[in-house]
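Trainee: First the structure, which I've put down as structure tokens, then a few questions once you've had a look.
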Amino acid sequence: MNTGTQSFAVRPFARIASMHMICLLVFIAAVTKAARAEYKASYTILKEYVRVDVKADGSHRYQLERVIRIDTPQGVDNEGEQRFGYVGSLETVEILEAYTETPDGQRIAVPADQIRTQDVADDDEGRIFSDRKQKIVIYPQLAVGAKLYVRLDNHQHTPYFPGHFFFDEFFTAGLPVIDYRFVLVHDPRIAVKVAARPYQGDALLKKLSGFDMRGGPVAAHSDDPPGAVRYEFSVRQPTAIARERSQLASTDFAAWIGATSFPDWGALGKAYQARSRPHSEPDDAIRALAVSLTAKAASTKDKLRILHDWVAKHIRYLGVYVGAGGFVPRKASEILSTRYGDCKDHVALLEAMLHAVGVDSSPALINLGDAYRLPELAISNPINHVITYIPSLDLYVDSTAQFAAVGTLPTEDSDKPVIITATGEVRRTPRQAPTRDGMRTSSHMTMLADGRIQGQSVMHFKGTYAIDSRQAWHARQHKDPQNIVDSILGRNKESGTGRFNYGDPLDLNTEWVVNSFYELDAVANVPGKSAFSLPNGLMMATIFHTSAYRQITDRVTPFKCDVYNIEETTELKLPAMVAVDRIPKDVFYNERGIHYSASYNRHGKVLRASRRLLIDFGKTVCDQQDAQAWEKARLAIRRDVMSQVFLR
């Protein structure tokens, strides 16, 4: 489980593959049968009791009592140090009791000097610095079968938003839970919405056999504050399943319990606006810079493009904040002065610069990841990012995505619900589209007399494909070029030498084109009878790669399905002394949002191949039926890209 407003997240479970022990006679009798690896979670939550008491001003007390059982050696390695995070200036955390219960029943208390307080090494690859802290409980004498106990108190004396409270608990399908109980008690002077929802999807619930969630409002207890409102919930999940590849964020489908004082997501957005807008005012320095940069701009979009690109290029991604700084940007003047900031800061500075030249904008709260829906309650989770919305252009931009030109969003921002904080509207960003996103490659190759290949490929990228390619090549700059060549050729099951030529990845105003030049080791045994598949050379994002991506056809969780839009044309000149016996047959496939076509022809010693792959299910979130459709198509495509040219 993980909590949204509290940082008491149980760390991700480990995936365990354990081979059943079989005796020699059984092995001989079943020698043709493969041993089956079964998933086992690294630990089980035997007991987790949570109580939250909310005061009228939104401050609250969180109490946790938990017992977990270590079930695998990986659990011993991973769970021996339990971490409980909090924001130092807003909260206090006290570990009241902690002990290890050994498999034989002996209790060993965690000594006081083994309960440490530590500044958190924050996320975002060390580019966020805050006053987050964590209590670390270091358990003694761990072994498989041991139980770990902890009881703690957390007091959030200062809410993130004045007068407001929000809390959530999302469950993970990968972790068994024997006994979970949640109690919420709130002062009647603060209006709190409370809800609980089971896992979404009959197939998933069927796999999680025994799952049970129940509860709701109950009468206040005698020891509750006068007039208090009380809720109680219980959850049982004795069965766990392994995480499925490419599955969406758990907030899209997992069971959850949530509580919030915000009437809706729009109200949360407006609360963010109230705190962020005063920090987005332009001062004289911002105004002078914005005016000078846009002096020759002919339109609102030109002004946006110039200022967006300047912020993306000149404000490095870094955040330093304390207290509610996770929800409040720094002042725009400070961001410009220091030339760094996180997503909130990028948006605040861009808003100030746009305002200075007469362009209105608004922060837009969004999830940067694999969450594509908002829970019915405004509980903050899964919102973790801020981008900019331009109402006059009905356009979204993300200046932290420094390789995304205006008019293009990274896939992580695409087709996502957003809260426009200036108005409280809940909208949705555009999804990928073949008209905007894709790549086109043209290759010219010559086979030498000994079967080696000399060639050149020109790759044109647009939209999200261009963003990803620009970012990749920016990261590869100044690295050993042959290592890069070897890596790409290795993915193509080829070897050889080569080089690349491309422009400035940060020049967002030019088409993104990458040229490659290469010599491949022999792909055919010539002269004489031989056969070979058409080489890929130094191409990226090829249909060959895509066809190797096997889908899970019995999956039970939703997954992200991007738009695939790849065109490849190849011209191969053969040596004079070889003759062609057979070339691949043309292919046409068009079923359930998947189009693939391949055509082959020969003119003398020149072979020409054209391939086109377009996968567009008309949505970004796909299910088991979509996976089955893609796997069926993938096998047909794989047969084609592996087909051979026969020589004599």
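The values are calculated or read from the model by the stated rules, or taken from the named source; none is laboratory data. As the structure is a computational prediction, the values presented were derived from the model and not from experiment. Because the Cβ atoms are built from the backbone with ideal geometry, glycine has one as well, and the counts that use them run over all protein chains shown. Quick note on the areas: whole protein, heavy atoms, side chains included, nothing else; ligands and nucleic acids left out. Shrake-Rupley method; radii C 1.70, N 1.55, O 1.52, S 1.80 Å.
Trainee: Can you tell me which residue within the stretch 517-575, out of those that are surrounded by 20 or more Cβ atoms within 10 Å (Cβ to Cβ) and of a type in the set (S, T, Y), is nearest to I453 (Cα to Cα)?
Mentor: Y518
Trainee: When the stretch 588-613 is examined, which residues are found to be over 18 Å from M447 (Cα atoms), open to solvent by less than 40 Å² (accessible area, probe 1.4 Å) and in contact (Cβ under 8 Å) with a residue 40 or more places away in the chain?
Mentor: Filtering the stretch 588-613 down to residues over 18 Å from M447 (Cα atoms) leaves 588-599, 610-613.
From what's left, open to solvent by less than 40 Å² (accessible area, probe 1.4 Å): 589, 593-594, 596-598, 611, 613.
Those that are over 18 Å from M447 (Cα atoms), open to solvent by less than 40 Å² (accessible area, probe 1.4 Å) and in contact (Cβ under 8 Å) with a residue 40 or more places away in the chain: Y589, Y596, A598, R611, L613.
Trainee: Here is a follow-up. Of the residues A254, A295, A274, which single one is free of Cβ contacts under 8 Å to residues at least 40 places away in the same chain and farther than 21 Å from V311 by Cα?
Mentor: Numbers: A254 fails: free of Cβ contacts under 8 Å to residues at least 40 places away in the same chain; A295 fails: farther than 21 Å from V311 by Cα.
Criteria check complete, one pass: A274.
Trainee: Restricting the search to the stretch 614-642, which residues are within 25 Å of S457 (Cα to Cα) and open to solvent by 30 Å² or more (accessible area, probe 1.4 Å)?
Mentor: From the stretch 614-642, those within 25 Å of S457 (Cα to Cα) are 614-615, 634, 637-642; that's our starting set.
Hits for the stretch 614-642 are L614, R638, R639, M642.
Trainee: Given the condition outside any helix (DSSP H, G or I), at pLDDT 95 or above and out of contact with any Ser or Thr (no Cβ under 8 Å at 6 or more places or on another chain), answer yes or no: does some residue in the stretch 483-496 qualify?
Mentor: Applying the first criterion (outside any helix (DSSP H, G or I)) to the stretch 483-496 yields 492-496.
With at pLDDT 95 or above added as a condition, the list becomes 495-496.
Among the residues that remain, those that are also out of contact with any Ser or Thr (no Cβ under 8 Å at 6 or more places or on another chain) are: 495-496.
Looking for residues that are outside any helix (DSSP H, G or I), at pLDDT 95 or above and out of contact with any Ser or Thr (no Cβ under 8 Å at 6 or more places or on another chain), one finds at least one in the stretch 483-496, hence yes.
Trainee: Scan the stretch 576-587 for residues that are modelled with pLDDT under 95, open to solvent by 20 Å² or more (accessible area, probe 1.4 Å) and either part of a loop (DSSP other than H, G, I, E, B) or on the phi > 0 side of the Ramachandran plot (or both) and jot them down.
Mentor: Residues satisfying the conditions are A576, M577, A579.
Trainee: Can I ask one more? Starting from the stretch 505-519, keep only residues that are over 25 Å from A401 (Cβ atoms), then list their pairs with residues that are part of a loop (DSSP other than H, G, I, E, B) whose Cβ atoms are within a distance under 8 Å, requiring at least 6 positions of separation or different chains.
Mentor: Every condition considered, the pairs that remain are S516/G537; S516/L538; S516/M539; F517/L538; Y518/G537; Y518/L538; E519/R452.
Trainee: Okay, next question. For the structure I just gave you, tell me whether G58 is open to solvent by 20 Å² or more (accessible area, probe 1.4 Å), within 25 Å of R181 (Cα to Cα), among the small types (G, A, S) and in a loop (DSSP other than H, G, I, E, B). Spell out how you get there, then give the answer.
Mentor: Values: open to solvent by 20 Å² or more (accessible area, probe 1.4 Å): no; within 25 Å of R181 (Cα to Cα): yes; among the small types (G, A, S): yes; in a loop (DSSP other than H, G, I, E, B): yes.
It is false that G58 is open to solvent by 20 Å² or more (accessible area, probe 1.4 Å), within 25 Å of R181 (Cα to Cα), among the small types (G, A, S) and in a loop (DSSP other than H, G, I, E, B).
Trainee: Another question, then. So D468 ticks every box in (1) more than 19 Å from the chain's Cα centre (by Cα); (2) within 30 Å of P391 (Cα to Cα); (3) charged (D, E, K, R); (4) open to solvent by 30 Å² or more (accessible area, probe 1.4 Å) but one. Which box is left unticked?
Mentor: If we test D468 against (1) more than 19 Å from the chain's Cα centre (by Cα); (2) within 30 Å of P391 (Cα to Cα); (3) charged (D, E, K, R); (4) open to solvent by 30 Å² or more (accessible area, probe 1.4 Å), just (1) comes out false.
Trainee: Taking L268 and the conditions (1) of a type outside the set (G, A, S); (2) touching a helix residue (DSSP H, G or I) at 6+ places or on another chain (Cβ under 8 Å); (3) open to solvent by less than 50 Å² (accessible area, probe 1.4 Å), which numbered condition does it fall short on, given that it satisfies the others?
Mentor: (2)
Trainee: Something else about it: Consider the stretch 388-403. How many of its residues are among the hydrophobic types (A, V, I, L, M, F, W, C), closer than 18 Å to D507 by Cβ and in contact with a strand residue (DSSP E or B) (Cβ under 8 Å, 6 or more places away or on another chain)?
Mentor: Taking the stretch 388-403 as the starting set, the residues that turn out to be among the hydrophobic types (A, V, I, L, M, F, W, C) are 390, 393, 395, 397, 401, 403.
With the extra rule that they be closer than 18 Å to D507 by Cβ, the set shrinks to 397, 401, 403.
Cutting the leftovers down to in contact with a strand residue (DSSP E or B) (Cβ under 8 Å, 6 or more places away or on another chain) gives us 397.
Matching residues across the stretch 388-403 total 1.
Trainee: Of these, A371, A378, A449, A364, which one is aliphatic (A, V, I, L, M) and under 23 Å from L508 (Cα atoms)?
Mentor: Working: A371 fails: under 23 Å from L508 (Cα atoms); A378 fails: under 23 Å from L508 (Cα atoms); A449 fails: under 23 Å from L508 (Cα atoms).
When all the criteria are applied, what remains is A364.
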